[in-house]
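First comes the structure, then the notes that go with it.
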Amino acid sequence: MSGMTMSQKILAAHAGLEKVTAGQLIEANLDLVLGNDITSPVAINEMSKFTKDGVFDKDKIALVPDHFTPNKDIKSAENCKCVREFARRNEITNYFEVGQMGIEHALLPEQGLTVPGDLIIGADSHTCTYGALGAFSTGIGSTDMAAGMATGKGWFKVPGAIKFNIVGKPSKWVSGKDVILHIIGMIGVDGALYKSMEFVGEGIKNLTMDDRFTIANMAIEAGGKNGIFPVDDIAIEYLKEHAPGKKYTIYEADADAEYDEEYTIDLSTLKSTVAFPHLPENTHTFDDIADTKIDQVVIGSCTNGRIDDLRTAAEIINGRKVASGIRCIIIPATQKIYLQAMEEGLIKSFVEAGAIVSTPTCGPCLGGYMGVLASKERCVSTTNRNFVGRMGAIDSEIYLASPAVAAASAITGKISQPADIGL
Amino acid sequence: MKAAKGTVFKYGDNVDTDVIIPARYLNSTTGEELAKHCMEDIDKDFTKNVKAGDIIVAEKNFGCGSSREHAPLSIKCAGVSCVIAKSFARIFYRNSINIGLPIIECEEAADAIKNGDVVSVDFDSGIITDETTGEKFRGQAFPEFMQKIIDSEGLINYINSSEGK
């Protein structure tokens with residue numbers, strides 16, 4: 001009998017089972033249930049249909065109004081009010097009001113709420129981000145969120161896995177975003193459908209925590225159920241800073257764990273990668289990107305709004321000017337990141353260059369507000385989806401890229417890499 | 001479980017949740033309101049033409065992208081009785097079962113059925129019949145556990161029932 005993957009071990013432990021195998025249906029205990037201002041109101045409405053009142057554990061629910069906040073219109077304000085009142089009524093410990101909030105998937109690890117070995121569900125597809133810290137975390141919908149909040153349990157079909165053996169060291173401007181875009185380009189937007197994406201190998205030591213969050217974050221863009229990294233010294237350092245004193249369990253894959261597929265990714269061979277409209281799998285490197293004029297740049301989101309991302313962008317933007325006619329929108333993902341960027345002088349560089357810096361919000365990523373595109377406009381964005389109409393008009397175009405490419409593009413006004421401005 | 005019969009609206013690969021229900025409408029939470037904009041960015045005439053009981057047929061990875069339950073909800077409330085696809089994105093699959101939107105995976109049916117065909121689905125047997133051409137296909141049956149959720153008409157009822165305790 002073969003061994004278990006990292007993901008399978010976490011699921012087995014939470015289901016009280018010695019062993020699980022791919023395809024098995026299990027019921028498991030949850031460590032955290034997450035929702036935002038779009039998905040929680042639907043879940044809260046579903047909660048009212050339960051015969052039993054209340055939540056399973058007020059400390060194990062996180063409510064983060066981040067999508068259409070600060071409220072973009074009256075309906076959004078009503079939805080946020082619904083979440084706020086639910087949080088108050090149920091004395092939810094981890095409700096984050098505007099002023100404390102950040103983009104959920106940057107905020108929760110920063111708050112120490114996601115630690116290795118946890119089983120986390122969130123009514124947001126990018127919940128898979130926390131796998132960067134060795135948790136099993138996956139996106140679900142509002143009804144699953146309601147059931148999770150009420151019972152503390154969820155049902156899962158145990159996933160098979162794809163193993164990505166990471167080797168080598170990336171060159172200066174290549175980051176986690178390029179790694180995951182490269183992988184999605186290779187396996188396709190359904191290449192990991194229903195499966196875990198397990199990122200292992202000696203090369204992960206060359207990926208910062210922020211790189212890993214970006215990679216795990218976009219597992220869903222390959223159809224993955226979750227993305228997960230082993231917990232190494234870099235992760236342990238992060239946990240010391242952000243989750244001091246919190247207990248956690250590290251799970252490693254068995255040596256004889258079974259994988260449906262295995263790939264080796266040599267970071268040293270990767271180049272800056274851009275996903276063209278309208279799928280994250282339509283990837284190109286600058287070897288085959290023609291002159292493409294743009295109208296807007298967005299640097300932010302749960303994918304790339306962390307401090308590493310802002311530092312990279314500032315390194316390129318500092319002392320330069322955003323090209324005439326280009327709107328460059330920069331969104332630190334949390335208040336803490338915002339403050340850090342301010343203290344490090346990054347925000348000054350952005351504003352002096354002619355970029356704008358916003359309070360944390362998902363806003364433009366899903367065409368909510370703060371940078372919606374008009375017909376035929378093009379945006380280079382560090383976000384995660386370039387579907388038709390995702391950021392605005394149905395004939396607008398989104399090019400997904402790293403913070404380095406987005407920043408260089410803001411300076412030139414066309415899709416560019418740092419080398420194009422002599423960096 | 002009941003059967004479905006209706007006219008087919010056919011789509012391709014990777015129909016994502018942003019085109020099923022664009023985020024600009026996500027400040028609404030009611031199915032009726034969401035249904036008015038269902039499929040708007042991929043097929044602007046969908047809501048004009050869809051009738052109660054109609055069926056969506058698509059190719060692979062239907063419902064990819066966001067976890068918004070608003071997507072299957074908008075389809076259900078637009079009157080669609082069943083979605084047939086080669087494969088579904090996993091969150092969409094879960095959400096559909098949880099809210100009671102019948103979905104069925106069948107590669108052969110998705111290849112053969114054409115836009116505008118009249119199709120019937122028998123959920124107990126998993127048999128899909130293209131009434132226009134007479135062809136029959138066998139869709140993938142649900143595991144017993146999911147069938148129980150469907151029979152309870154959604155996850156909440158299942159949990160409320162003694163079955164779920």
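Between B:K51 and A:S375, the simple spin-label model (points 7 angstrom out along Cα→Cβ) gives 3.3 nm. Neighbours of A:G389 by Cβ distance under 13 Å: Lys/Arg scored +1, Asp/Glu scored -1, total -3.
Our summary gives the range A:77-193 a relative contact order of 13 percent, counting only alpha carbon pairs under 8 angstrom and 6 or more residues apart. By DSSP, the beta bridges lying fully in chain A are antiparallel in about 20 percent of cases.
Per-residue shielding of A:382-390, expressed as the average number of other chain Cβ atoms within 10 Å of the residue Cβ, stands at 5.
Distance between the pseudo-spin-label points of A:S171 and A:N45 (7 Å out from Cα toward the beta carbon): 5.1 nm.
By the beta-carbon count within 10 Å of each Cβ, the least crowded to most crowded order of A:R378, B:R90, fewest first, is A:R378, B:R90. Each Lys or Arg adds one and each Asp or Glu subtracts one; over the other residues with Cβ under 14 Å from the Cβ of A:E343, this totals +2. Here the peptides A:52-65, A:78-91, B:6-19, A:126-139 are ranked by packing, the mean other Cβ count within 10 Å, and the order with the highest first is A:126-139, B:6-19, A:52-65, A:78-91.
When chain A is treated as a GNM with alpha-carbon contacts under 10 Å, the residue of A:S175, A:S381, A:S324 showing the greatest mean-square fluctuation is A:S324. Dividing the mean sequence gap of close Cα pairs (under 8 Å, 6+ apart) by how many residues chain B holds gives a relative contact order of 24 percent. Of the residues B:M146, A:M145, the one with the fewest other Cβ atoms within 10 Å heads the list, and the complete ranking is B:M146, A:M145. Hand me the GluC sites (Glu not before Pro) from the range B:69-141 located in a DSSP loop with no more than 16 other Cβ atoms within 10 Å, in residue order please. Hits after loop and neighbour filter: B:E131, B:E135.
Taken along the Cα-to-beta-carbon direction at a fixed 7 Å, the label points for A:F286 and B:V118 span 6.0 nm.
If the chain linking A:K81 and A:K205 were pulled fully straight, counting 0.36 nm for each residue of separation and taking away their Cα-Cα distance, it would gain 40.3 nm. Protection proxy ranking for A:389-396, A:307-314, using the average of other Cβ atoms within 10 Å per residue and placing the highest first: A:307-314, A:389-396. With a 10 Å cut-off around each Cβ of B:95-104, the average count of Cβ atoms from other chains is 3. Only helices enter this figure: runs of n ≥ 4 DSSP H residues, each worth -39500 (n - 2.57), summed and divided by the residues of chain A, yield -8500 deg cm²/dmol at 222 nm to the nearest 500. Ordering B:E144, A:E252 by the number of other Cβ atoms within 10 Å of each residue's own Cβ, fewest first, gives B:E144, A:E252. Descending by average beta-carbon neighbour count within 10 Å, the peptides A:360-370, B:20-30, A:264-274 line up as A:360-370, B:20-30, A:264-274, the highest first.
Applying the criteria of a DSSP loop state and at most 11 other Cβ atoms within 10 Å to the GluC sites (Glu not before Pro) of the range A:1-52 yields A:E18.
Please check which bits of the range A:160-175 a label hung off A:E241 would reach, taking the label as a point 7 Å along Cα-to-C-beta and the cut-off as backbone N under 19 Å. Once the point is set 7 Å along Cα→Cβ of A:E241, A:175 turn out to lie under 19 Å by backbone N, inside the range A:160-175.
Between A:V351 and A:D73, residue separation times 0.36 nm minus the direct Cα-Cα distance comes to 97.4 nm.
Averaged over the residues of A:68-79, the number of partner chain Cβ atoms lying within 10 Å of the residue Cβ comes to 2. Taking a sphere under 11 Å around the Cβ of A:K19 and counting the other residues whose Cβ falls inside, with K and R at +1 and D and E at -1, yields a net charge of -1.
Since every read-out is calculated from the coordinates, none of them should be taken as a lab result. What you are looking at is a predicted structure, and each value in this text was computed from that prediction instead of being measured. Please note: Cβ atoms are built from the backbone with ideal geometry, for glycine as well, and neighbour counts cover all protein chains shown.
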